[in-house]
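The values are calculated or read from the model by the stated rules, or taken from the named source; none is laboratory data. Here the structure is a predicted model, which means the values were calculated and not measured. Positions of Cβ are generated from backbone atoms using ideal geometry, with glycine treated the same way; all protein chains shown enter the neighbour counts.
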Amino acid sequence: MSYFQNVLEIAYEGKQSTNPLAFKYYNPQEVVAGKTMEEHLRFAVSYWHTFTGEGADPFGGKTALRPWDRYTGLDLAKARVEASFEFYEKLNIPFFCFHDRDIAPEGDTLRETNENLDQIVAMIKDYMKTSKTKLLWNTSNMFSHSRYTHGAGTTCNADVYAYAGAQLKKSLEIGKELDAQNYVFWGGREGYETLLNTDMELELDNLARLYQMAIEYAKEIGFDAQFLIEPKPKEPTKHQYDFDAATSIAFLQKYGLKDYFKLNLEANHATLAGHTFEHELRVARINGVLGSLDANQGDLLLGWDTDEFPQDLYSTTLTMYEVLKNGGLGKGGVNFDAKVRRGSFEPEDLFYAHIAGMDSYAKGLKVAAKLIEDRVFEQVIEQRYRSFREGIGKEIVEGKATLHTLEQYALNNPVAKNESGRLELLRSILNQYILGDL
Ligand code: XLS
Ligand code: CA
Ligand code: CA
């Protein structure tokens, strides 16, 4: 049985192609900077947006027309699994990602919920035996159910904390069963609405304790996925503890967890934190914790997490620049945590959206590789900071300077003239690379 009869396998046809169901830039086997595009990009489909999402928003319900609409309950969950593997195959995408609650419905008790999961996980495992699509990461949805209204790992209610622990335990087992490459912690309710009723110190200590337990349990069962924290500053809570990359790194350092975690960075979350995506990637990269990407984009005219498919070539280029500078993403990948717009409700739109995202990242990769090969920014930066390679600058960098020696130097030397930062020139060079013949 086919869920997407109107769509055949999506192939690379090149940038002249007018076929909407073809890749124009993403050519999986094309080698860029020593690796194939497929190896660099490690694309993943988000199960929640593509198979569970329905086009609802706070002002209205479902708009999406989906070939699995006629099913309910566990039958619906099974139909989605069947459809998902057809989708991966047609898109030729190497990875997928899910929350526990995306793949199977909650039962009346935790036991029942876990039994539902067992059935669906067994089915996914079966499909994975013949499919080339692997699990990039799984995670626990510890934010949708009303029990998590005051948080999960940061709740004020120890019973809820225990429930969260149980749910997390099951998710780690699922990750192991399906050979997940990574495991993500996104704290949708791990934050606060008001400090007036919040013991911030206890909440953060408890969150670290939960992470510690996860590390121990993963070790116990031999689950060797890379653990990832996904920062987001707000939404649904007013303030989320994993605000951005820098805040998450400080948290990991404080609790001695830095060796066990990297970051899963999302473009739209960067925007919400008041940063560019490349800023978040740079912070993670220079701190050795750039793990994986949630690829999407926000709308600067709307102040919320719109999770649009990424099409901004400046952003994909500068993103892939950071990834290449990082030497790749290791076990991580580029997960489309992105949803088709409410008005794009037909099944074909799911393909068009992924093609747009994959092509935008492929183009970004090629431009970034060329920029690095030509040392465009490297040359500028080398030149710009050259005063730190000799004389007093060298002494500063080597840790030999003191305020005494700096004073001596300043008393004897007039301040050298500053030079232009050449921002506009650099932007126009970037334009040339993006518009050039790649
Ligand atoms: C929500 C987050 C979420 C995480 C996984 O804004 O992006 O989807 O990626 O829980
Ligand atoms: Ca995300
Ligand atoms: Ca998001």
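List of remarks:
- Of all residues in segment 144-159, one or more are within 16 Å of ligand 3 (Cβ to nearest atom) and at pLDDT 95 or above.
- Filtered residues of segment 231-252 (kept if in contact with a Pro (Cβ under 8 Å, 6 or more places away or on another chain), not acidic (Asp, Glu) and not in a strand (DSSP E or B)): Phe243, Ala245, Thr247, Ser248
- Being more than 30 Å from Asn264 (Cβ to Cβ), in contact with a helix residue (DSSP H, G or I) (Cβ under 7 Å, 6 or more places away or on another chain) and touching a residue at least 24 places away in the same chain (Cβ under 8 Å) is a condition met by no residue of segment 332-340.
- Index of the failed condition, Lys331 passing every other in (1) more than 21 Å from Glu235 (Cβ to Cβ); (2) assigned to a loop (DSSP other than H, G, I, E, B); (3) within 16 Å of ligand 2 (Cβ to nearest atom); (4) of a type in the set (D, E, K, R): (3)
- Output for segment 334-348, where each listed residue is surrounded by 18 or more Cβ atoms within 10 Å (Cβ to Cβ) and away from ligand 2 (no atom under 13 Å from the Cβ): Val340, Pro347
- Selection count, segment 308-328, where residues are surrounded by 18 or more Cβ atoms within 10 Å (Cβ to Cβ), in contact with a helix residue (DSSP H, G or I) (Cβ under 6 Å, 6 or more places away or on another chain) and not in a helix (DSSP H, G or I): 3
- Enumeration of residues in segment 117-148 that are in a strand (DSSP E or B) and among the β-branched types (Val, Ile, Thr): Thr139
- Hits in segment 253-283 (condition: more than 15 Å from Pro310 (Cβ to Cβ), away from ligand 1 (no atom under 13 Å from the Cβ) and in a helix (DSSP H, G or I)): Gln253, Lys254, Lys258, Asp259, Tyr260, His279, Arg282, Val283
- The residues in segment 238-251 that are more than 19 Å from the chain's Cα centre (by Cα) and either within 16 Å of ligand 2 (Cβ to nearest atom) or crowded, with 23+ Cβ neighbours inside 10 Å (or both) can be counted, and the count is 0.
- Pair list, Cβ under 8 Å, 6 or more apart: segment 145-169 residue farther than 17 Å from Pro105 by Cα, other residue of a type in the set (Asp, Glu) and in a loop (DSSP other than H, G, I, E, B): Gly151/Glu190; Ala152/Glu190; Gly153/Glu190; Thr154/Glu190; Cys156/Asp199
- Yes/no for Gly291 being within 16 Å of ligand 1 (Cβ to nearest atom), at pLDDT 95 or above, crowded, with 21+ Cβ neighbours inside 10 Å and in a loop (DSSP other than H, G, I, E, B): no
- Tabulated pairs, segment 62-82, first under 20 Å from Tyr127 (Cβ atoms), second charged (D, E, K, R), C-beta under 6 angstrom, 6+ apart or interchain: Trp68/Arg80
- Residue list for segment 369-385, restricted to those being free of Cβ contacts under 8 Å to residues at least 12 places away in the same chain and either of a type outside the set (Asp, Glu) or crowded, with 16+ Cβ neighbours inside 10 Å (or both): Arg375, Gln379, Ile381, Gln383, Tyr385
- Looking across segment 209-237, the residues that are more than 21 Å from the chain's Cα centre (by Cα), surrounded by fewer than 17 Cβ atoms within 10 Å (Cβ to Cβ) and at negative phi come down to Arg209, Gln212, Met213, Glu216, Tyr217, Lys219, Glu220, Ile221.
- Single condition Gly191 does not satisfy, out of (1) away from ligand 3 (no atom under 16 Å from the Cβ); (2) surrounded by 23 or more Cβ atoms within 10 Å (Cβ to Cβ): (1)
- Matching residues, segment 21-79, being of a type in the set (Gly, Ala, Ser), in a helix (DSSP H, G or I) and surrounded by 13 or more Cβ atoms within 10 Å (Cβ to Cβ): Ala77, Ala79
- Test: residue in segment 108-126 that is closer than 24 Å to Ala164 by Cβ and within 21 Å of the chain's Cα centre (by Cα): no
Per-residue answers, yes or no, for (1) away from ligand 2 (no atom under 16 Å from the Cβ); (2) over 13 Å from Gln226 (Cα atoms):
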| site | (1), (2) |
| --- | --- |
| Gln253 | yes, yes |
| Tyr260 | yes, no |
| Leu263 | no, no |
| Ala267 | no, yes |
| Leu272 | no, yes |
| Glu278 | yes, yes |
| Arg282 | yes, yes |
| Arg285 | yes, yes |
| Gly291 | no, no |
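- Answer residue from segment 294-341, given it is within 24 Å of Thr50 (Cα to Cα), over 15 Å from the mean Cα position of the chain (by Cα) and away from ligand 1 (no atom under 16 Å from the Cβ) and is modelled with the lowest pLDDT among those: Leu300
- Candidate set: segment 252-267, residues that are surrounded by 24 or more Cβ atoms within 10 Å (Cβ to Cβ) and not charged (D, E, K, R); chosen: the one nearest to ligand 3 (Cβ to nearest atom): Ala267
- Of the residues making up segment 294-304, those that are in contact (Cβ under 8 Å) with a residue 60 or more places away in the chain and either surrounded by fewer than 19 Cβ atoms within 10 Å (Cβ to Cβ) or among the aliphatic types (A, V, I, L, M) (or both) are Ala295, Trp304.
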